[in-house]
Amino acid sequence: MDIFPDFGAVGGAAELRSIAGALLAIVLIVAVLMMIISGITWALASANGHFQIATRARLGLWVACGAAALAGAGVAWINFLLEVGSGL
């Protein structure tokens, strides 16, 4: 007796792909805006001698870079999981 799950009964892969893509696009846009703001803050604080603020802005820049990298990797990860799921 062969028993296999009915993957056709579960719909919504296209909707999941579009929702995840939209959310990750928003994360990328916010991360790029944070990079711009943190970069400007870092430059202005360093030029004016506010080294504690410059250090926090530099940390914010690195956090924004990490968030952008994770969001970009998240798109690839979700696409991979959806392809594997549909091929089972």
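Key figures for this structure:
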quantity	calculated
Check on Ala54, open to solvent by less than 70 Å² (accessible area, probe 1.4 Å), part of a helix (DSSP H, G or I) and modelled with pLDDT of 75 or more	yes
Residues being open to solvent by less than 60 Å² (accessible area, probe 1.4 Å), at pLDDT below 80 and within 18 Å of the chain's Cα centre (by Cα) - total across region 1-46	2
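The values are calculated or read from the model by the stated rules, or taken from the named source; none is laboratory data. Every value quoted in this text rests on a predicted model; they were computed, and no experiment measured them. In case anyone asks, the SASA skips ligands and DNA or RNA and just uses the protein heavy atoms, side chains included. Shrake-Rupley method; radii C 1.70, N 1.55, O 1.52, S 1.80 Å.
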